[in-house]
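The values are calculated or read from the model by the stated rules, or taken from the named source; none is laboratory data. Given the structure is predicted, the values throughout are model-derived calculations rather than measurements. Glycine also receives a Cβ, built like all others from the backbone with ideal geometry; neighbour counts cover every protein chain displayed.
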Amino acid sequence: MNQASLHYLPGAGFRARSKQVLDDPALRQSFRGAMDFLMQKRAAQFPDPAVLAALRRQGEAIRQYSLARLPDLLEQLEAKLQQNGVTVHWAETPAEAQDIIAGIITRAQADMVIKGKSMVSEEIELNHALEARGIAALESDMGEYIVQLAGERPSHIIMPAIHKTKAEIARLFAEKLPGVDYTESVDALIQIGRRVLREKFRDARIGLSGVNFAVAETGTLCLVENEGNGRMCTTVPEVHIAVTGIEKVVEKLEHVPPLLTLLTRSATGQAVTTYFNWISGPRRPGELDGPKEMHLVLVDNGRPQAYARPDFRATLQCIRCGACMNHCPVYTRIGGLAYGTTYPGPIGKIISPHLLGLGGTGELVTASSLCGACGEVCPVQIPIPQLLIDLRARSQAGGPDPYSPPLAGEGEGRKPLVALSFKLWRILYRSPLLYRLFAFLATRLRRLTPARQGAWTASRTPLVPARRSLHERVRQRAAQAAANN
Amino acid sequence: MSHSQGHARPAAPTGNAATRPARQEEAHGARPHTVYVFGTCLIDLFDPEAGLSAIEILEREGLRVVFPDAQSCCGQPAYTSGYPAEALAVAERQVQLFSADWPIVVPSGSCAGMMKHHWPRLFGPDHPLAAQVAAVAARVYEFTEFLVRVLDVRLQDRGPPTRVVLHTSCSARREMGVHLTSAALLGQLTQVEVLHQERETECCGFGGTFALRHPELSAAMAKDKAEALASTGAAQLVSADCGCLANLNGTLARAGSALQGQHIATFLKSRLEPPT
C-alpha cells in the first residue's frame, strides 16, 4: 500500500463518511435518480429472463474457464503480444507498476501522458506517482477529466463523476479553465472539455489506456468506450501504454462477444458502445497511424491471493460493469467516495480485501444487508453475498480457515465483545435446558426489557419479548389436547 | 418439488383439506401426512403467534404437525456475522431433531434459506452429519412455498374487506425464489386487496447484525421502505419474515405511522376464521 495514497481511506472512517452522505438529501436524491436510470436502462436490455439467464451462465463459464487456465493464458498472451511487437511488463505491486510506466515515459523523454479511462491506473495511484516524478497525467474521459479538475476521485467505476451535479461542473469549468464562462448547458460543457482535450491530444507523445479483455490466442487488447478518447489515446501518441490486472485475459476471440454484450448492457444499458477497439500491436510498416511503440503492463496487486483460494477466486471473474453498484441499496444511498477504496460498492467490498488487506477493509465487508441484489444482476454470476459472508469469517477469524495461505489481515477485524457475545449465544442456543430457562426469564421479565437497545432503538421502537415463547405455547397446547382427550 | 401449474382445478374452493383429498392426491402424488415445523428464534421470543398460526393452518389442512421441543436457532446470526464455528455448533444440535422423512416447514424465508442452502456448505462434505444435513436441506420449505407448491391450498376468505401491502424478504425472493407464493396466497383472499408499493424488490435494511453494525445505513433503508409501504394507504402490512417485520414495525412505530405489520401466517389465520 502506497503510504501517500490519495485513494485509500481507512475503513474505520467508513461509518462517518457514509453518514455525511446520508445527511445530504440533495446528494442522495441525485444518486438515487442516477441509479434508477441505470437500472431501467439495463432492465430494458434484458427483456427475456431466460435469455439473460443463459447469457449469464455463458459469461460465468467463459470467465471460470479463463481463470482455470490463467497462468498458461498469460504466457500465451505475452508470447503473442511480443510477436505482434508489443513489450510486456509484469508488476507485482503498485510501486512496481508506477516505476515501469514512469520508466517508459522517461525513456521517451516525455513529460506528459494523456489517459483513457483505466481503473487499474487509479488502483495503482498512477497520476499521483507520475506527478511526483514531474510527469503530468491528463485524464481524457469526460467523467475522469471532471473528477481530476476537481481534485477528487472517481465515485463509480463506469461513471466517475456521477456524484457531481451539472451546476457543480459548470462552476468547476468556469473556475479552472481559462476563458470559460459559467454555463449549465450540457452540450456546451462537453464541447468545452472536448476543445481542451483535443489540443492536448495534438501534443501528447504518450497515451495510456486500460484493457477490458486481453485475448491470448491473438495477442489482442480490447477496449470498450463511448467517447472516442480511448481510440485517440491509443492511436495518436507515439507510445501507447496499456495497463491491466492479470485477470482480464481470455483464451479466444470468440470468448469476447458474449462478455462484451453482457458488459455494455449491464453497465450502461447499451446494446453496444459507440467505440470498441481491438488493438493488436503498434503501427506496422506502411500503416498511416497508430503508435510507434506499444507496451502492456500486467498488474498483480493482490490478485494472486484471491486466485490461490478456491473460496475467493470467483472475485476475479468480474468484468467491471458496475451493475452491482447500480443495484446496491447501500451504494445508492452513499455513493462511491464513502467507501474510501478505488473500487466502491459490492465489487469493491469483495476485491479490496485482496488489494489492501482485511485489516483496513473489514468494516466494508460488514456494510451489507446481504440482500443479494448484486449477485442477482452480476453478468458473470459472482456469488457476491456468499463471498461477503466468507470474508466476514476471515476478518473475524470466527472459524477455522478452510484454505491456506491465510488472507492478509485475517482476524484483524475481530471485536472481542462481539466474539464473546457469540460464544455466549452458542452456549445458550446449544443447550435446550439453558435456552428454556432463558426464554422463561425473557418472557416473564418482559416488562424489564430496556427501552434503549443500543443502535436498534436509534431509529426503532424497542423489541419486547412476547408473554410466552412459541415453545411454551406449543407445550401448553399439547397439554390441553391431552387433557381434552 | 411438486407444482400445481397446468393442473385442472375444481371451480369451487372449499377451504377444508378433509373434504378434497382426491384432488390433492391426483395433483401431487403422496401428500405428506406429517410435517415438522421449525419455529425460528425470532418467532419463538418475539412473535409466537406467527408460529402458532402456521401450525394451525397446517393442521387445518389435515396434517399432523411435529414441533421438536429442543429446537432453537438455525445459526444464521453467527454465520452472517463471520462466526461460522459458533453457527455450526448451534446448527449441529438442530439437524438430529428432524430425522424423520417429513417436510420441514419454516415460517421465515431467511431461516429456510440458511437451512436449505447454507447448512450443506457450513457443515462441509467431511462432517459426520453431512449426509443427514443434505437430507434435511432437501426437505426444507418456506411456509408460503409449502402451502402453495406442496399443499396447493384453497383459502376461503371469511374476513371483512381490507387493503394490505406485502413485503417479501430478500432471502425469500433471491435465495428461496418464493416471493410469488406469498402473493399467490393473498390473491386467494376474495376480500383482500393487495396494493402496489414503490421499489418493491428493495431491501428493508434489516440484514441481521447489519442493523447494529451499520445503524445509520440500516435506518436509512428502513425509513425509505417504511415510507413506501405507508404511502400505499394499506390498512395492514403483511410479510413472511420476522426479521423484516421487527425492523419495519419498529421503524413505522417510531415514525408514528399507523401502519403495522403482521406475519402472513397470523394474517391468513385471521382470514380463515369466521368473523366474531
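Any residue in the range A:392-400 that is buried (at least 24 other Cβ atoms within 10 Å of the Cβ), part of a loop (DSSP other than H, G, I, E, B) and at the interface with chain B (Cβ under 10 Å from one of its Cβ atoms)?
no
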Options A:I389, A:I351, A:I347, A:I384: the member that is modelled with pLDDT of 95 or more, within 19 Å of B:G75 (Cα to Cα) and β-branched (V, I, T): A:I389
Residues of the range A:333-346 that turn out to be more than 15 Å from A:R153 (Cβ to Cβ) and crowded, with 24+ Cβ neighbours inside 10 Å, as a count: 1
Total residues in the range B:222-275, condition buried (at least 24 other Cβ atoms within 10 Å of the Cβ) and charged (D, E, K, R): 2
First in the range A:298-313 and in a loop (DSSP other than H, G, I, E, B), second anywhere and surrounded by fewer than 19 Cβ atoms within 10 Å (Cβ to Cβ), Cβ under 7 Å, 6 or more apart: A:D300/A:E92; A:N301/A:T93; A:R309/A:Y403; A:P310/A:Y403; A:D311/A:P402; A:D311/A:Y403
Of all residues in the range B:56-84 being touching a Lys or Arg at 6+ places or on another chain (Cβ under 8 Å), at the interface with chain A (Cβ under 7 Å from one of its Cβ atoms) and outside any loop (DSSP other than H, G, I, E, B), the one that is farthest from B:G208 (Cα to Cα): B:A78
Residue count, the range A:353-379 (criterion: farther than 17 Å from A:S18 by Cβ, in contact with a Ser or Thr (Cβ under 9 Å, 6 or more places away or on another chain) and away from every other protein chain (no Cβ under 11 Å)): 7
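Could you list, in sequence order, the residues of the range B:155-174 that are outside any strand (DSSP E or B) and β-branched (V, I, T)?
Just the residues of the range B:155-174 that are outside any strand (DSSP E or B), to begin with: B:155-161, B:168-174.
Across the range B:155-174, the qualifying residue is only B:T168.
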Residue list for the range A:285-297, filter: in contact (Cβ under 8 Å) with a residue 40 or more places away in the chain and over 26 Å from A:G348 (Cβ atoms): A:D289, A:G290, A:P291, A:K292, A:E293, A:M294, A:H295
Long-range neighbours under 7 Å by Cβ, at least six apart or interchain, first residue free of Cβ contacts under 8 Å to residues at least 12 places away in the same chain within the range A:372-399, second of a type in the set (F, W, Y) and buried (at least 24 other Cβ atoms within 10 Å of the Cβ): A:G399/B:Y83
Whichever residue in the range A:429-456 is more than 19 Å from B:G51 (Cα to Cα) and facing chain B (nearest Cβ under 8 Å) and, among such residues, is surrounded by the fewest Cβ atoms within 10 Å (Cβ to Cβ): A:G454
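Would you confirm whether or not the range A:88-102 contains a residue that is in contact with a Ser or Thr (Cβ under 8 Å, 6 or more places away or on another chain) and either of a type in the set (V, I, T) or assigned by TED's automatic domain parsing to the domain that holds A:V147 (or both)?
Residues of the range A:88-102 that are in contact with a Ser or Thr (Cβ under 8 Å, 6 or more places away or on another chain), as a first pass: none.
No - not one qualifying residue is present in the range A:88-102.
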Residue tally, condition within 11 Å of chain B (Cβ to nearest Cβ) and of a type in the set (A, V, I, L, M, F, W, C), over the range A:401-419: 2
Residue that is farthest from the other protein chains (Cβ to nearest Cβ) [pool: residues in the range B:167-219 that are of a type in the set (G, A, S) and surrounded by 24 or more Cβ atoms within 10 Å (Cβ to Cβ)]: B:S182
Any hit, the range A:257-265, residues being within 30 Å of A:T165 (Cα to Cα), in contact (Cβ under 8 Å) with a residue 24 or more places away in the chain and not assigned by TED's automatic domain parsing to the domain that holds A:E199: no
Output for the range B:164-208, where each listed residue is more than 20 Å from B:L259 (Cβ to Cβ) and of a type in the set (G, A, S): B:S171, B:A172, B:G177, B:A184, B:G187, B:G207, B:G208
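Could you please find all residues in the range B:175-211 being of a type in the set (D, E) and in a loop (DSSP other than H, G, I, E, B)? Give the derivation first.
Filtering the range B:175-211 for residues of a type in the set (D, E) gives B:175, B:193, B:198, B:200, B:202.
Across the range B:175-211, the qualifying residues are B:E198, B:E200, B:E202.
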